[in-house]
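Reviewing the structure listed below.
The values are calculated or read from the model by the stated rules, or taken from the named source; none is laboratory data. Every value quoted in this text rests on a predicted model; they were computed, and no experiment measured them. Glycine also receives a Cβ, built like all others from the backbone with ideal geometry; neighbour counts cover every protein chain displayed.
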Amino acid sequence: GQTFRLEDYRPSDYLIPETKLDFTLSEHATRVVAELTVSRREGVSPTAPLVLDGDGLVLKRLEIDGKPVSADSYHATPDSLTLRAIPAADRFVLTIETELAPASNAALMGLYRSNGVYCTQCEAEGFRRITYFLDRPDVLSVYTVRIEADQAEAPLLLSNGNPVDSGSLEKGRHFAVWHDPFPKPSYLFALVAGDLGCVKDSYTTTSGRSVELGIYIEHGKENQAGYAMDALRRSMRWDEEVFGREYDLDVFNLVAVSDFNMGAMENKGLNIFNDKYVLAAEETATDADFANIEAIVAHEYFHNWTGNRITCRDWFQLCLKEGLTVFRDHEFSADQRSRAVKRIAEVRTLRAHQFPEDQGPLAHPVRPRRYREINNFYTATVYEKGSEVVRMIRTILGAELFRKGMDLYFERHDGDAATIEDFLTVFEDVSGRDLSQFALWYHQAGTPNLSVSASHNPSTAELTVEIEQSVPPTPSESRKRLMHIPLAFGLVGHDGKDIAYASVEGATVENGVLHVRKRSHTVRFTGVEERPVLSLNRGFSAPVSLSVEHKPEDLFFLASHDSDEFSRWQAFNTLLTNAVIAAYRNTLGDKPLHFEEGLLELAGRIAQDERLEHAFRALALTLPAESDVARDISHNIDPDAVHAGRDALALRIAEANSGVFSKLYDDLRMSDAFTPDAASAGRRALRNTLLDFLSLLPGGAVKALDHFQAATNMTDRAAALAVLVHRHGGSEQAREALAAFEARHGADPLVMDKWFMIQATAPGTGTLDAVRGLMKHAAFSIGNPNRVRSLIGSFASANQTGFHRADGTGYAFFVETVLEVEKRNPQVAARLATAMRSWRSLELTRQELARQALLAIQSQDGLSADLRDIIERTLA
Ligand code: HT7
Ligand code: ZN
């Protein structure tokens, strides 16, 4: 396959200032007539050919200015249309008719059908599956779209922008016309047509513009759209208040579909969502679902300014819209909920998904320099690390200059297809700072390491801190440059308060942030009378991995006293991780396992600490996942021993705190009506975390089944089911709960996804057969991405002992299933295949079996570009 390189970027010879599309919808033969106003860019030779992108298209008609184009002046293949003889005039109208079969489009890119609804997905390169076009984000066009369909089959006809016309036609057909006044790239085009239920509302912007809001969902599910609507209204208000950004069309529509490759899509004025991120009711959605819906509704809405009004010049700049928009949705959720809890959750996600990517064969810079398949670059690095980079800009500049920079960005680049350089320049312009070293965060892959040690001299009242940075090599980048790392810190005194110091030398320190720029810094603080405990990377100010030479008691101290809540959580989490790793090593060495009493006691104290939010306590008490521990062990990993070490710690914590945990568990029972707010969710989270511990004690399965049966909402029901299946798999109680859940929710595919996922993530070798069996369940469908992700995706990427079986049968299943999914949907198959990205960290037997599995996929004929790209990079 072709490799695309950033340095090869060149503007197109032609532009398409206006696009008129006319769709005559039918399942097997949809007719699309595109009328493109084409203009030649200034200075381009009139003999320059016009080459349009296509993907599997069938050309039916081609005209220039209303006249058929002679056969010898164009060349059409399914994947491109080249026009050689082009009118000398600067502008002409090109009419292209294509015919599509949406019903047989299983890849879910371009125009397809989901549950009988016509819908589109055009990012990144799906528009070329609809018509021939300059399908690149720097070609912006004003769209007018006419849709014609059978009135009974598709009473609803939606596209981008504002509705301008509609009416009835003969033979039970009807039409609608939409006009979007904002020039946009083709990836933001959307169409939806079908028979859907609707929830409506209206919103008035600060400047008085009235906007009609519509959320479209399957009939009968109208009562599940209220939370998404509320999240949308709050997002609109927040963007006005925090970023000064108002909505700009008369309508904003959001449609939920069941077959969708990703989470949602920010098409201008017509967001299309995976229904998993819209539908919510206490009976069917967990607190985590509510929080995701809020975040994703906000994310897509925020794209209206960061992505749509200002788009990307090319796909290498993807983080320009995604990293920035993730940062904006993180800030929104932090403002709506608890900032500290939100931050901890973000960092856990970053470490679980981005760190392994950055530390494995798929590592790439936040702004990649080359790709073979752009769909494979919608990654945790582009999104989550991209957001961390924006956060660091704010940390370095301060909130006020950051906002000034954002204002300048919107003012200077509204209507542009911009680059990361444009983005960085606005912050340099408002602050007068040089961000060239900082820009490496966009250009260089890999997680930087910081090693820190400190010594205190009481006689001189000096604290000396030694800091060393290193950036490990990553694929095709063996030599790394030194980064600018903003490290928020505090010197914590014996009373838990930060100690002031007289002066500092050896690094720039501003507003509690130490700027690491060199390979090594010796930082001297004077006027420090008592030995402080160093609290570093507060709030996770930089996405680095940090090793600090702490005295063992320092981590205990920080876990109890650090004024920065994130760092307090971090200290306790490090203690837990270290304890699991020690148990892992003892398991491997056949030695008895021992856990420090102090750690077990601290768990009990955190659980009861009324000064801490419930959600914080729940997060603190959640043991690091097996994959988190494995990442810290980093090589020659035996997943079974990790599991044994983690389980042993859980049991010891439960035993040591049984009384305290039981009492708290009882006290936290809620009798009032369900509300999805953060405080209530926090109570449920803590109670369910305690249940997980208590279930390990005698009578635990019965307790968990009681919890399951008493549950009045999905959060508690799913949590109890997970405890039963994961801690008491095969028990009578687990079987009873699984059957009851299935009987109650069997007809709701989104809820059954939870049932699949819980079973697929049950530890142990038996899960493979269970997953194979569940693939035959009536609620499973290999063509639906949500089903595939919940059963197969979660098994492959979140089940260390079940998937990474020492006999390699998990990998054989992986080969078979990935190839089966790929036949229909290469994008989903490629994403599934990333489950193997850390194969080189495993012990040697598993490594070899994993390599054989990857080679077996690689040797297949006719592999899609998507899957081949992931497999070959993973093996490289
Ligand atoms: N910008 C959207 C990305 C997306 C996507 C990309 C490739 C294939 C299918 C897709 N669906 C959505 C989502 C977002 O980041 O907001
Ligand atoms: Zn996005």
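Here are a few things to note about the model shown:
- Within segment 351-362, tally of residues that are surrounded by fewer than 21 Cβ atoms within 10 Å (Cβ to Cβ) and within 16 Å of ligand 2 (Cβ to nearest atom): 1
- Annotation: Asn274 fulfils all but one of (1) within 16 Å of ligand 2 (Cβ to nearest atom); (2) in contact (Cβ under 8 Å) with a residue 60 or more places away in the chain; (3) closer than 23 Å to Thr379 by Cβ; (4) touching a Leu at 6+ places or on another chain (Cβ under 9 Å); the unmet one is (4).
- In the set (1) assigned to a helix (DSSP H, G or I); (2) more than 9 Å from ligand 2 (Cβ to nearest atom); (3) closer than 22 Å to Pro365 by Cα, the condition left unmet by Thr311 is number (1).
Yes/no matrix, rows are residues, columns are (1) touching a Pro at 6+ places or on another chain (Cβ under 7 Å); (2) farther than 30 Å from Asp407 by Cβ; (3) of a type in the set (S, T, N, Q):
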position: Phe423; (1), (2), (3): no, no, no
position: Ser431; (1), (2), (3): no, no, yes
position: Trp441; (1), (2), (3): no, no, no
position: Pro448; (1), (2), (3): no, yes, no
position: Ala454; (1), (2), (3): no, yes, no
position: Asn457; (1), (2), (3): no, yes, yes
position: Thr460; (1), (2), (3): no, yes, yes
position: Glu468; (1), (2), (3): no, yes, no
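- Candidates Gly110, Gly66, filtered to the one that is within 29 Å of Val192 (Cα to Cα), surrounded by fewer than 16 Cβ atoms within 10 Å (Cβ to Cβ) and at pLDDT 95 or above: Gly66
- Test: residue in segment 159-172 that is crowded, with 16+ Cβ neighbours inside 10 Å, over 23 Å from Arg128 (Cβ atoms) and of a type in the set (Ser, Thr, Tyr): no
- Residues in segment 144-179 that are touching a helix residue (DSSP H, G or I) at 6+ places or on another chain (Cβ under 9 Å) and part of a strand (DSSP E or B): there are none.
- In summary, Glu468 fulfils each of the numbered conditions (1) of a type in the set (Asp, Glu); (2) buried (at least 19 other Cβ atoms within 10 Å of the Cβ); (3) touching a strand residue (DSSP E or B) at 6+ places or on another chain (Cβ under 7 Å) with the single exception of condition (2).
- Test: residue in segment 855-873 that is touching a His at 6+ places or on another chain (Cβ under 7 Å) and either closer than 26 Å to Gly263 by Cα or surrounded by 16 or more Cβ atoms within 10 Å (Cβ to Cβ) (or both): no
- Any hit, segment 363-370, residues being outside any loop (DSSP other than H, G, I, E, B) and either crowded, with 19+ Cβ neighbours inside 10 Å or among the aromatic types (Phe, Trp, Tyr) (or both): no
- In segment 327-349, the condition of being within 16 Å of ligand 2 (Cβ to nearest atom) and aliphatic (A, V, I, L, M) is met by no residue.
Residue by residue, here is whether (1) within 16 Å of ligand 1 (Cβ to nearest atom); (2) assigned by TED's automatic domain parsing to the domain that holds Gln317 holds:
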residue: Glu373; (1), (2): yes, yes
residue: Tyr383; (1), (2): yes, yes
residue: Gly386; (1), (2): yes, yes
residue: Val430; (1), (2): no, yes
residue: Ala454; (1), (2): no, no
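- Flag if Thr325 is within 14 Å of ligand 1 (Cβ to nearest atom), modelled with pLDDT of 95 or more, in a strand (DSSP E or B) and within 29 Å of Asn105 (Cβ to Cβ): no
- Test: Val255 is under 23 Å from Gly110 (Cα atoms), in contact with a Cys (Cβ under 8 Å, 6 or more places away or on another chain) and more than 12 Å from ligand 1 (Cβ to nearest atom): yes
- Failed criterion for Leu696 (all others in (1) free of Cβ contacts under 8 Å to residues at least 40 places away in the same chain; (2) of a type outside the set (Gly, Ala, Ser); (3) part of a loop (DSSP other than H, G, I, E, B) hold): (1)
- Residues that are within 22 Å of Asn271 (Cα to Cα) and within 16 Å of ligand 1 (Cβ to nearest atom) number at least 1 in the following strands (runs of 3 or more DSSP E) confined to segment 64-141: 110-114, 117-121.
- Inclusion of Thr306 among residues that are within 13 Å of ligand 2 (Cβ to nearest atom), touching a residue at least 24 places away in the same chain (Cβ under 8 Å) and either among the charged types (D, E, K, R) or closer than 27 Å to Asp422 by Cα (or both) is not warranted.
- Qualifying residue in segment 269-276 (condition: within 13 Å of ligand 1 (Cβ to nearest atom), surrounded by fewer than 24 Cβ atoms within 10 Å (Cβ to Cβ) and within 16 Å of the chain's Cα centre (by Cα)): yes
- Residue check for Val815: closer than 24 Å to Ala106 by Cβ, buried (at least 19 other Cβ atoms within 10 Å of the Cβ) and aliphatic (A, V, I, L, M): no
- Filtering segment 669-687 to residues that are hydrophobic (A, V, I, L, M, F, W, C) and buried (at least 16 other Cβ atoms within 10 Å of the Cβ) leaves Phe674, Ala678, Ala681, Ala685, Leu686.
- Extreme residue, nearest to Leu232 (Cα to Cα), among residues of segment 248-271 that are more than 13 Å from ligand 2 (Cβ to nearest atom) and of a type in the set (A, V, I, L, M): Leu254
- Residue check for Leu156: within 16 Å of ligand 1 (Cβ to nearest atom), in the same structural domain as Thr30 (by TED's automatic domain parsing), in contact (Cβ under 8 Å) with a residue 12 or more places away in the chain and within 18 Å of Leu270 (Cβ to Cβ): no
- Enumeration of residues in segment 79-106 that are surrounded by 15 or more Cβ atoms within 10 Å (Cβ to Cβ), of a type in the set (S, T, N, Q) and farther than 20 Å from Ala29 by Cβ: Ser80
- Listed by position, the strands (runs of 3 or more DSSP E) contained in segment 432-548 that have at least 1 residues being over 24 Å from Lys385 (Cα atoms) and touching a residue at least 24 places away in the same chain (Cβ under 8 Å) are 449-457, 462-470, 485-492, 503-505, 520-526, 533-536.
- Single residue of segment 258-268 satisfying the filter (farther than 16 Å from Thr306 by Cβ and in contact (Cβ under 8 Å) with a residue 40 or more places away in the chain) that is farthest from ligand 1 (Cβ to nearest atom): Ser258
- Here Arg339 meets the list (1) under 18 Å from Glu241 (Cβ atoms); (2) among the charged types (D, E, K, R); (3) within 15 Å of the chain's Cα centre (by Cα) almost entirely, failing just condition (3).
- Lone qualifier among Asp138, Asp150 - being in the same structural domain as Val33 (by TED's automatic domain parsing), closer than 18 Å to Gly54 by Cα and away from ligand 2 (no atom under 16 Å from the Cβ): Asp138
- The residues on offer are Glu294, Glu300, Glu282, and the sole one that is more than 14 Å from ligand 2 (Cβ to nearest atom), within 16 Å of the chain's Cα centre (by Cα) and either part of a helix (DSSP H, G or I) or surrounded by fewer than 24 Cβ atoms within 10 Å (Cβ to Cβ) (or both) is Glu294.
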